[in-house]
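Participant: Got a structure for you, written out below as structure tokens; questions coming shortly.
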Amino acid sequence: MSTVLAVATGTGNSLFAADRIKHDHLYFAEDLINGKDHLPDDMDRLGIIFPVYCGGILNAVLRFIEEVLSDRDNSGLGYIFAIATNGGLPLNALSDLDRTLQDHGLALSYGKAVRMPDAYLPLQKKAVSKEKAEEIARKADEKLKAIAEDTDAEKIELPGKGFLYRTVRRFSRLASSPRPNEKLRIDPAKCIRCKTCVRICPEGNIREEDGRIIIGNSCISCFACYHRCPEGAMTYPGAAGQYEGLVETSRLIRR
Ligand SMILES: Cc1cc2nc3c(=O)[nH]c(=O)nc-3n(C[C@H](O)[C@H](O)[C@H](O)COP(=O)(O)O)c2cc1C
């Protein structure tokens with residue numbers, strides 16, 4: 001019998017949330033998708049902890065459900081809960097997750113949205129200040145304490161159906177799928193090729209080639225690379241300042 005947390009995260013907020021929930025195993029969704037980690041056979045409780053992207057679930061969560069979860073015997077899985085970290089507009093993310101699970105013969109038993117600092121550069125060009133981030137994190141912590149108690153007690157609390165569900169779902173799937181991000185660049189004068197970005201990119205979209213760091217074509221615009229670069233060597237038009245984040249950069253390294 002074990003409680004597993006499957007975590008998707010760009011800038012680490014969802015990992016901060018996961019840290020506050022009692023569990024036996026914690027895996028990154030991408031490591032499960034890539035077969036670098038495996039769900040244990042005795043998993044009877046599963047928590048899916050993820051950031052809201054464009055009002056819905058991000059690609060890694062979708063692939064986790066479609067390629068990992070639906071590919072195993074889930075008869076022993078009695079309780080699935082979810083935490084959707086977000087910047088204040090969770091929209092349909094939890095109902096999207098629930099319906100996606102239902103498409104695969106599963107269902108959410110409990111889901112809660114928790115507001116976290118938002119570091120999405122196209123909308124938040126100025127970095128969230130340390131003080132503001134700490135204030136939001138304090139409130140999130142309170143909410144997460146209650147969620148931890150609820151999920152420990154296997155409380156049932158289903159998300160609402162979601163406003164204009166089908167339209168929003170279509171939009172969010174399209175908008176949050178990996179694609180080239182031509183505006184995100186590396187300043188070669190600042191880059192020291194430490195490969196932090198290579199190691200933490202959740203999509204494995206950054207690589208080193210012939211001594212140069214190259215950004216590939218499947219970016220999910222989480223901007224973890226931008227915010228966590230120790231040299232501030234990533235650039236994005238109009239963006240200034242990095243979001244320090246709530247967990248250590250070393251914890252974002254994928255396997
Ligand atoms: C591509 C992208 C899309 C986002 N879309 C939304 C959104 O629709 N609603 C919202 O409230 N927050 C949105 N956010 C903010 C994140 O959900 C929020 O900051 C989250 O806590 C990030 O979690 P992470 O650090 O685990 O990646 C978005 C962030 C990104 C990077």
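Participant: May I ask you to evaluate 6.51 cos²θ - 1.76 cosθ + 1.60, the Karplus curve with θ = phi - 60°, for each residue of region 107-114 and list the ³J(HN,Hα) values in order in whole Hz, giving x for glycine and proline?
Facilitator: Each residue of region 107-114 in turn: 7, 7, 9, 7, x, 9, 9, 10 Hz.
Participant: Taking just the alpha-carbon atoms of the chain, what radius of gyration and Dmax come out, in angstrom?
Facilitator: Answer for the chain, Rg first and Dmax second: 17.7, 55 Å.
Participant: As a check on your grasp of the helix formula, calculate [θ] at 222 nm for the chain: sum -39500 (n - 2.57) over DSSP H runs of n ≥ 4, divide by the residue count, round to the nearest 500. Display every interim value, and only then the final one.
Facilitator: Numbers: 8 runs with 72 residues, N = 255.
Value at 222 nm, helices only: -8000 deg cm²/dmol.
Participant: Which stretch or stretches of region 99-113 have amide N atoms under 12 Å from the point lying 7 Å from GLU157's Cα along the Cα→Cβ direction?
Facilitator: Backbone N within reach: 110-113.
Participant: Same structure, new question: State the number of lysine pairs found in region 52-199 whose Cα atoms come within less than 23 Å, restricting to pairs 8 or more positions apart or on distinct chains.
Facilitator: 21
Participant: With just the Cα atoms defining each centre, how far is region 147-189 from region 58-106? Give it in Å.
Facilitator: Comparing the Cα centres of region 147-189 and region 58-106, I get a distance of 11 Å.
Participant: Now for a separate question. Would you mind ranking VAL128, VAL168 so that the residue whose beta carbon has the fewest other beta carbons within 10 Å leads the list?
Facilitator: Details: VAL128 23, VAL168 19.
Listed from fewest to most nearby Cβ atoms, that is VAL168, VAL128.
Participant: Given the options LYS125, LYS183, LYS161, state which has the largest fluctuation in a GNM of the chain using a 10 Å cut-off (strictly under) for Cα springs.
Facilitator: LYS183
Participant: Please work out the FRET efficiency for the pair ALA189 and ALA240, using the Cβ-Cβ distance as r and a Förster radius of 25 Å; give the result to the nearest 0.05.
Facilitator: Numbers: r = 17 Å, r/R0 = 0.70.
So the FRET efficiency works out to roughly 0.90.
Participant: Taking loop as defined by DSSP and a crowding limit of 14 other beta carbons within 10 Å, which trypsin sites (Lys or Arg not before Pro) in region 6-71 fit?
Facilitator: Hits after loop and neighbour filter: LYS22, LYS36.
Participant: Calculate, in nm to one decimal, what LEU77 and HIS104 gain on full extension: separation in residues at 0.36 nm each, minus their alpha carbon distance.
Facilitator: 8.4 nm
Participant: Continuing with this model, one more query. Would you pull out the residues with amide H under 5 Å of LEU26's amide H, same chain only if 5 or more places away, H placed 1.01 Å from N?
Facilitator: Those qualifying (amide H under 5 Å, at least 5 residues apart or on another chain) are LEU5.
Participant: For region 142-204, state which GluC sites (Glu not before Pro) are in a DSSP loop and have at most 12 other beta carbons lying within 10 Å of their beta carbon.
Facilitator: GLU154, GLU182
Participant: How far, in degrees from 0 to 90, does helix 93-103 lean away from the longest principal axis of the Cα atoms of the chain, to the nearest 10?
Facilitator: 60 degrees
Participant: Pairing rule first: another cysteine's C-beta must sit under 4.7 Å. Under that rule, which cysteines of the chain stay single?
Facilitator: Those would be CYS54, CYS191, CYS194, CYS201, CYS219, CYS222, CYS229, since no other cysteine Cβ in the chain comes under 4.7 Å of theirs.
Participant: Okay, moving on. Against the longest alpha carbon principal axis of the chain, how many degrees, from 0 to 90 and to the nearest 10, is the axis of helix 165-175 turned?
Facilitator: On a 0 to 90 degree scale, this one is about 30.
Participant: Hey, rough spin-label estimate for SER250 and ASN217, points 7 angstrom out along Cα→Cβ, what's it come to in nanometres?
Facilitator: Modelled inter-label distance: 3.7 nm.
Values quoted throughout were computed directly from the atomic coordinates according to the rules given, and no laboratory measurement underlies them. A quick note: this is a predicted structure, and the numbers were derived from the prediction, not measured. Cβ coordinates were reconstructed from backbone atoms using ideal geometry, including for glycine residues, and neighbour counts include every protein chain displayed.
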